Amino acid sequence: GVDFKMKTIEVDGIKVRIQIWDTAGQERYQTITKQYYRRAQGIFLVYDITSERSFQHIMKWASDVDEYAPEGVQKILIANKADEDQKRQVGANQGQKLAKDYGMDFYETSACTNYNIKESFTRLTELVLQAHKKELDVLRLSNDELNLADLEVDDLKPRILWTTVRDYSQLQELQTRYPHRLTVLAFPCNQFGYQENCNNEEILNSLKYVRPGNGFKPNFSIFQKCDVNGANTHPVFAYLKEKLPVPDDDPTSFMTDPKFIIWSPINRSDIAWNFEKFLIGPEGETFKRYSKKFQTISIEPDIQRLL
């Protein structure tokens, strides 16, 4: 079967726990191998320098990666058995050219002598972390560059992701505890008692000096204000409410004071107040909705379950 191992490595001072799936020898069971592409974040394409045939097969594997792996998956081309240079059938320049053609890094390695093994794993991990950082930077709040309309429903897929409109300190704590596998997105909304009538800069200053105050600077993404209910509901929240019509912990309550309902039309699935939260799994699956009364930090067991 497929060989599976876990390993912890350190990259730029960050300890990263990686899962390694070795699919070598599974060529005859293509349906088995393909399922491992779907959730891969980094892939080694490996050939044997003593086998021209294995080198030719790289094109087939690269094609499978393009077809089955997630978009943006990180790839490195590996030429193994570098310790057997006397039997070499594939030159290093051939590997370098192929890697360049496919836009990949290239390493010659030896599993026998451990030559370039640590270096190649570290590099692949660096590429994955860099890709995640770029995703987060694209989503992070900018006072004059980011518009919520830029976030589409399809963006709810890469990692465990959840969204709320308050509880900033607890959001900060959870993002700190799970910096690479959790993405926290906060969406200000002015539909609940007109409590959020500030612009983006004023929201950030309020967080810094008033609530929570003490120089607070969020380590998670805060988006432009949007409507979460009514005719102008943003597509992200329309999708979330369709998939999770009511909070899991309080499926019967709704707005207790009708004068605060300022949107139209009104639906049973509408978000009731600022404290509602949604948890979304690593494949983009909607997992659970939490009411305004549910403590933000108490979501952690569900996050751990998904991780």
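Pairs of Lys residues in segment 3-133 that lie 8 or more places apart, or on two chains, and have C-alpha atoms under 16 angstrom apart add up to 12.
Spin-label model, ASN197/ARG268: points 7 Å from Cα along the beta carbon direction are separated by 3.4 nm. Less than 5 angstrom separates the built amide H of VAL11 from those of VAL16, all sequence-distant by 5 or more or on a different chain. Placing +1 on each Lys and Arg Cβ and -1 on each Asp and Glu Cβ, with no other charges, gives segment 230-307 a dipole about its Cα centre of roughly 180 debye. With each label modelled as a point 7 angstrom along the Cα→C-beta vector, the ILE18-SER298 pair spans 3.9 nm.
When peptides 266-273, 217-224, 40-47 are ranked by their average number of other Cβ atoms within 10 Å per residue, the highest-first order is 40-47, 217-224, 266-273.
Every number here is computed from the coordinates shown, using simple stated rules; none is lab data. These figures come from a predicted structure and were not determined experimentally. Counting neighbours? That spans all protein chains shown, and the Cβs are built from the backbone with ideal geometry, glycine included.
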